Amino acid sequence: MRNGAERMEPQSISSPIICAIDTPSLDAAERLAGGLVDIVGALKLGLEFFTAHGPEGVRRVARFGVPIFLDLKLHDIPNTVAGAVRAVVPLAPAFLTVHASGGRAMLSAASEAARRAADDFGVARPQILGVTVLTSLDDGDLHEIGQDAEPLHQVDRLSTLAADCQVDGLVCSPHEIAHLRGRFGPSLRLVVPGIRPPWTDPDDQKRVLGPREALAAGADFLVIGRPITRATDPTAAARRIAYLLSEAA
Ligand code: C5P
């Protein structure tokens, strides 16, 4: 049975906390999912996990009932990306990432494929998130690959393009939140990694922001990995962050 109009709507997410499960271990991912299901809004599974365990691994984690952010950062010709989006839609991820630098046709193909496949398979439509400039790239790296714009200009250019191609949101760094919120208003979801609660280590993140500060600046969702996954008790760590946010609400 199909009921496109209703079912194509994105899943509602109960908490702004998205825990990044950066592990190739299915056991570890399942353990984390079991401990976090009642606390976080979604779990982010990336390329490392997906290339190791594929759709079945995602199903195993999703079985705990927590929404999935599938961070595959797709980037290829439009037809191939549309096919990849269609292939993962039956897994019903709440979020799926594509590289905005893939261009207009690719971004539009991804958005359209998500809508169409969700309707065809009768599942909630994944929110397509555009990745602009990887924070691992600096001015020199961008120059080397022929992108001579300042990183922030490049972010602007790519986010405008992504918005134009009907993506649902953007992945952005903490220092871009206010700028992008000002530029796009409430129309795009802003999903932000590089978040550190005040009591944890920044690890290798160079520019971090606290969870409350990120939400205050205009973030919709906070991607938090190691402060939860590397804690002695990940469930307690996630609860502590959720409590911090509830105090601010
Ligand atoms: O452990 P940590 O909280 O630093 O994890 C952040 C997550 O967000 C990781 O999965 C990382 O790959 C991802 N990410 C990031 N910076 C970006 C984009 C994604 O840290 N600019």
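The values are calculated or read from the model by the stated rules, or taken from the named source; none is laboratory data. Every value quoted in this text rests on a predicted model; they were computed, and no experiment measured them. Heads up, the Cβs are rebuilt from the backbone with ideal geometry, glycines too, and the neighbour counts pull from every protein chain shown.
Every residue, every condition in (1) modelled with pLDDT under 95; (2) within 16 Å of the ligand (Cβ to nearest atom), yes or no:
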| residue | (1), (2) |
| --- | --- |
| Val131 | no, yes |
| Ser136 | yes, yes |
| His175 | yes, yes |
| Ser187 | yes, no |
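Beta carbons closer than 6 Å, at least 6 apart along the sequence or on distinct chains, pair a first residue in region 191-202 that is in contact (Cβ under 8 Å) with a residue 60 or more places away in the chain with a second that is within 9 Å of the ligand (Cβ to nearest atom) for Val191/Val171; Pro193/Val223. Kindly check whether there is at least one residue in region 226-234 that is touching a Pro at 6+ places or on another chain (Cβ under 9 Å) and within 14 Å of the ligand (Cβ to nearest atom). The answer is yes, given that some residue of region 226-234 is touching a Pro at 6+ places or on another chain (Cβ under 9 Å) and within 14 Å of the ligand (Cβ to nearest atom).
Here Pro197 passes the criteria (1) at pLDDT 95 or above; (2) out of contact with any helix residue (DSSP H, G or I) (no Cβ under 6 Å at 6 or more places or on another chain); (3) more than 28 Å from Ala110 (Cα to Cα) except the one numbered (2).
Would you check if Thr132 is farther than 18 Å from Phe95 by Cα and hydroxyl-bearing (Ser, Thr, Tyr)?
On the way: farther than 18 Å from Phe95 by Cα: no; hydroxyl-bearing (Ser, Thr, Tyr): yes.
Criteria not met by Thr132.
Elements of the type helices (runs of 4 or more DSSP H) sitting completely within region 78-152 and holding at least 3 residues that are hydroxyl-bearing (Ser, Thr, Tyr) and either surrounded by fewer than 18 Cβ atoms within 10 Å (Cβ to Cβ) or within 15 Å of the chain's Cα centre (by Cα) (or both): there are none. For region 29-46, the set of residues classified as within 16 Å of the ligand (Cβ to nearest atom) and either surrounded by fewer than 14 Cβ atoms within 10 Å (Cβ to Cβ) or in a loop (DSSP other than H, G, I, E, B) (or both) consists of Ile39, Val40, Gly41, listed by residue number. Taking region 53-77 as the range and being of a type outside the set (D, E, K, R), under 23 Å from Ser12 (Cα atoms), more than 14 Å from the chain's Cα centre (by Cα) and in a loop (DSSP other than H, G, I, E, B) as the test, the residues that pass are Phe64, Gly65, Val66.
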